[in-house]
Amino acid sequence: MPDKNFFLSPKASKARLREAEQARKNRQEIIKARSQGQISRRDLIKMGIFTSAGLMLPISGLSPFARSAYADSNIPTGLPPSPLFTATAFSQPMPRFDVFPRNPVSVLNPAPTAQANTTQQPVDPALGGGMGPIEGRPPGPIWAHQQFTQLPPVIAIQASMEGAKINNVYNPGVPSNQNSGINAANPFHPTFHPNLPDQTALKLWTYNGTIPPKLMQVRYGEPVLFRLSNKLPVQQNQNGGFGIHTISTHEHNGHHGAENDGFTGAYFFPNQFYDYHYPIVLAGRNSINTDATDINASSPTDAGGLTKVPGDWHETMSTHWFHDHMFSFTSQNVYKGMAGMFNIYSGKDRGAEDIIDGVNLRLPSGRASVSGKSWGNLDYDVNLMLADKAWDGNGQLAMDIFEFDGFLGDRMTVNLAYKPYMEVERRKYRFRILNGAVSRFFKIALSDSSPMIQIANDGNLLPHPVVLTKLDEQGIAERYDIVIDFSRYSINQKVWMVNLAEHQDGKRVDKDLSVSEALSGNSDDPCVGKFLEFRIVRDPAQPDISQVPDPLIPNPDLSAIPVARERTFEFNDGANQTTHDPITSFFGPWGIKTNDQGDTLAADFGRISAAPRFGTREIWTLKNGGGGWDHPIHIHFEECQTLARNGSASAVPAWEKGRKDVWRLRPDGEVKITLQFRDFGGMFMEHCHNTVHEDNAMLLRWEIDDLGTPFLQPLPTPIPKPQGVTFMPPDDILPSAF
Amino acid sequence: MNTQLKIKMRRLLFSPSFVTLSVGIVVVLAMLAGVRSSVQAQTTAAAPPSTAPAIVDSSLTISAKGTVNDPNGTITVSGSVIVNCRRVLDTSTNTTTPASPVVLLDLDFSKLSGTSGSTKTTLKTYVTGDNHASELRPLQASDTIIVTSPYYDSTKDVLSARTMLVTATLNFDTTTGKLTSGSISIGNNVVTAAAVGTITTVN
């Protein structure tokens, strides 16, 4: 079988690099036409560029995997390396996230409404003209904010989605000496490195159009209204060659009503806004601790105390992220910059290590007595968003959407900075690590293999901290919170975070390397090795009083809740397309088979594949249909407990024994999980978070649609248009869904 | 609504820009095909479906011992490591290029422990916690995997952990995909200059 590698070595011959660059340009023309709606996948099949399974044929001059005219028979065509201009590794400071301002909800104009605001406005002729609603949320009672009266928004966070521009209002939430010396008052350019060109407004689309990536800080019991305005170009062809201007933001993995979940089919258009209502409640609030008497179920007050909240404190969550979820364009839009992080604070995890109240776990964060902030201190609580990127000969972000196995970049970024350094003190830090890549898995160690303490997996603190010298593979969208104690180092020493997961393509990791292998520089994968440098620069001004207690947050006890039913989902290639609605369905090589019945189906957000009953618990088995790939599978809405891997409870590692929302199935692997369906209803999703797989078309819709009544009522599917969202009945309901 | 969209799509397909683009793509393809047809022929072969089982599980318990130089003195480590192995094949006929066979390894260090000191007052015992090493490696007859494991004083918490080196040489039957034998040694985690450096420049 042919060996292949995604990116050419910079040492490849000039002719070889020219050929690869030409192939990339040829593909870019097609990608551009496809992303701008001028051409469909079916057209490409007719032209002989794609197979009927949706795979790109290895045509020389187009495919990166076709053999080169300049190479011997064992060397495949690759992509040209992204030029670094004069940028070098570890020569720029790592920016901390840019914290969104929090304002009273009264600043919102117009005021938020339970049902979508359908006030009419003129629609740009490029979007069809006429009149349309100012809010893109589907109208009417089904998409009204659930429990809006009981949980009225208190905090407003406003943002816009727009093209790249200079950031003149960067708020890292920490002083400069905790941000590697970055002066936040200076203009922050939209670039991956000061020695690389600024990204143009069509290439990079982010929240507020700026970098660093954004951070929302929220706390339990304080509902948030996130108003996102779409300020992207109205012309679909003004996209820099990839990405789409219709958007939908998923708060991953919020326990909110489906109308706020960023449903893939609830997207909205330029010049519209969408009000996302995040109640920030503990799961089980309607059945457990309903009178809010348990102090462990609590939220930090500004005065340093606690406010009790209803719900199960064992469901406390900590580290989320938010990202675009546009149907069949998630990979492009997220890659283009539509991703941020979301820290949730609670009595247990309050982000103030010096408050001793018997509830606070006092994890590394910072001192309230120093900052004056009784919660949410970020000094020693650091968000890291890892993502591999690629750029073209002009230094502009580039993507190849025809790599249906998955797209890999060749340049590692942390918080959208190319291989930065971070200055740290000799003490403990918490890192909230997000895999924000499109298709790449990471496996992280410190360059000296020093121990790290994993305290959380996905959004949830573990029952017990786990000490590791290298983390498990981290799939796309998985979050690992770890604690590193830098007191073991001397001032002026430096140590690196290292990626050990070597890829040859986007299907899965090809090999987990040892630290010495990764540091050797012998890997063909340019994203293996050191990617973040820690510089130990000083002792802390105050003694480190933070803790990593054991236990952290025990799992909810589900033993008394009967299992209503079991379902099976198999994630596979070779999908069939059985529905053909041009808006709701999409065809690609990937798909999902449900309950071992019928075909492996390509995505259709008009199809209901599962409809669990409100208030019940189920067991779901997630199967990987093949050994050639891995799939990080994400289930929206409820956190789940992992019961078994490959049929064995003992095969669930210690760091997966808490709650999770993304599971790497592993090649030919199987995961059994259990989850409940409560508090809210509506249509949610389940999909592969290799977003290239998701977009092509490994995604399904499930819904909670009885709202506690004995009546099962399939929900109508929204069909967004600039002139207003319409609805149509589900175009398919699997026989085993109910 | 669907009908309207179909009409829109048809209009798009027959729009001048689309037709121009299509013609352009076809011309480019024709040119490329003419130049590189012999190259294309080499690239489309897919592996035939394998008759071997896609999954083969095997497991070994391997004795391990060694010493680690620790600030508390020399620690003698002994015990066993359970190595669970799953050989996986890519049997899909839909993908363009089958992936190579791999083994998924889980090395369970929980049965390893260490001691230092010899008298009642100096004797300390060390444990590894819940650490497992989870590794994905290409299937080959013999593979030397250098992993590390934390260890810490059993009377203290995980924050006191240090690192020891575990070198596992594992042998596989590449025909059956089974793990057949192996040896494991324990030693010091040697930290090189490439692993911990010194700040020489201030940016």
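Read-outs throughout are calculated quantities, based only on the coordinates presented, and are distinct from any laboratory measurement. The structure presented is a predicted model; accordingly, all values stated were derived computationally and were not measured. Every residue, glycine among them, receives a Cβ derived from its backbone with ideal geometry; neighbour counts consider all protein chains shown.
Ranked highest first by average number of other Cβ atoms within 10 Å, how do A:425-437, A:158-170 line up? Spell out each step's value before the answer.
Details: A:425-437: 24.1, A:158-170: 18.6.
Result, highest mean Cβ count within 10 Å first: A:425-437, A:158-170.
Extents of the stretch A:125-267, taken as max minus min of Cα coordinates on every principal axis and listed largest first, are 51, 42, 23 Å. Simple rule: put +1 on each Lys or Arg Cβ and -1 on each Asp or Glu Cβ in the protein assembly as shown, find the dipole, and look at A:614, A:489, A:366; the Cα lying farthest toward the positive end is A:489.
Qualifying GluC sites (Glu not before Pro) in the stretch A:472-556, where qualification requires a DSSP coil assignment and no more than 15 other C-beta atoms within 10 Å, are lacking entirely.
So what's the convex hull volume per residue for the Cα atoms of the stretch A:563-733, in Å³?
Values: hull volume 20.7 nm³, N = 171.
So the per-residue Cα hull volume is 121 Å³.
Projected onto their three principal axes, the Cα atoms of the stretch A:209-265 cover extents of 42, 28, 16 Å, largest first.
Dimensions of the protein assembly as shown along the principal axes, based on C-alpha atoms and rounded to the nearest Å, stand at 89, 70, 57, largest first.
Annotation: aspartates and glutamates with alpha-carbon distance below 12 angstrom to residue A:165 (same-chain offsets under eight excluded): A:198. Candidate cross-link partners of residue A:494 among the lysines, defined by an alpha-carbon separation under 16 Å and a same-chain spacing of 8 or more, comprise A:419, A:428, A:530. Taking label positions 7 Å along the Cα-Cβ direction at both residue B:82 and residue A:727, the computed distance is 5.3 nm, reported to one decimal. Maximal additional length on extending the residue B:141-residue B:174 stretch stands at 11.3 nm, based on 0.36 nm per residue less the C-alpha distance. Note on residue B:190 and residue A:150: the model spin-label points, each 7 Å out from Cα along the C-beta direction, lie 6.4 nm apart.
Quick one: of A:593/A:672; A:443/A:593; B:65/B:124; A:231/A:336; A:203/A:389, which pairs are farther than 19 Å apart, Cα to Cα?
Working: A:593/A:672 16 Å; A:443/A:593 29 Å; B:65/B:124 17 Å; A:231/A:336 15 Å; A:203/A:389 12 Å.
A:443/A:593, as the Cα separations exceed 19 Å there.
How big is the Rg/Rh ratio for the stretch A:270-405, C-alpha atoms only, Rh by Kirkwood, two decimals? Reported Rg/Rh, Kirkwood definition of Rh: 1.10.
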